[in-house]
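All remarks here apply to the structure that follows.
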Amino acid sequence: MKHKLTTIILLKTILLFGQESKFNCDLVTDRVKIESDSINYENSFIDNHKDIGLISKSKADFEVRYYNTPSLTNGGHVIIISCADNTIKAKKVTYWFSVNQDYEKRRINKTKVEELKPKKTWDSFFDTLEKLNFYDFPTMETIRPKMKKYMTLEDGRVVEKRSMITDGVYYTLEIKIADKIRKFSYHSPISWYRVYDHVDELRQAEEIKEFFKNNLTKGNSR
């Protein structure tokens, strides 16, 4: 009976924190250096839920987060990959909240937590992130000055051609290595790339988003 109880407790622990695997955290922390943001904003009520938590309070040697936040729905999901004591854990937290409240008063009222593991290996997963320039990728605000196109009016005047995308999804990536944290965010990068196809960072941001979507597989859930 004691053995059975221990097994149940262990299973619940794995479901809470995500799929566990042995991984040398130094392979990332020794090789990757990041510059902390001067101001780091948390994701308000999303990070306040116990299944997610504040990245600034994480005890991991390094942690990577991917937030998928649709602008017109009452939910989203967060992928959290953390490594501590040469053990790596990964999970996807899908959440729902009431839309009938002011933004500042919103609270997550339901979550689904799923274990995650890489389709190949964690070594190849992080190698690919590095090749995608993930760790020092610019945020969308940085590249906005490049997101311009011009048109010539009938009278010969040249004016800026403005575009607007009001719906879609916000993608936020956070990286914590030791005590340094940085983040970058994009709104519907592929939609903007169709407008500003000369801004390659928009295409690359879409590649990063698709990489997280297509290179992690689900395990158990609760």
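Just so you know, all these numbers are worked out from the coordinates, no wet-lab data involved. The shown structure was predicted, so the numbers you read here are calculated from the model rather than taken from an experiment. Every residue, glycine among them, receives a Cβ derived from its backbone with ideal geometry; neighbour counts consider all protein chains shown.
Candidates W192, V78, P138 compared by Cα position along the dipole of the chain: farthest toward the positive end lies V78, with charges placed on Cβ.
Taking only Cα atoms and a 10 Å spring cutoff, compute GNM fluctuations for the chain and point out the largest among T166, T73, T29. Result for the chain, Cα springs under 10 Å: T166 fluctuates most.
The label point for K131 and the one for K148, both projected 7 Å from the Cα toward the Cβ, are 3.6 nm apart.
Within the same chain, aspartates and glutamates fewer than 8 places from K89 are excluded, and of the rest, those with a Cα less than 13 Å from its Cα are E20, D61, E63, E114, E115. Arranged from fewest to most other beta-carbon atoms within 10 Å of their beta carbon, M147, M164 become M164, M147. Comparing K176, K59, K148 in a Gaussian network model of the chain, where Cα atoms under 10 Å apart are tied by springs, the biggest mean-square fluctuation is seen for K148. Within the listed set E104, E210, E35, the Gaussian network model of the chain (springs between alpha-carbon atoms below 10 Å) gives the highest mean-square fluctuation for E104.
With a Förster radius of 25 Å applied to the C-beta separation of E210 and D30, the computed FRET efficiency comes to 0.35. The phi torsions of the stretch 142-148, fed into the Karplus equation with coefficients 6.51, -1.76 and 1.60 and a -60° offset, translate into couplings of 5, 9, 4, x, 7, 7, 9 Hz, rounded to whole numbers, with Gly and Pro shown as x.
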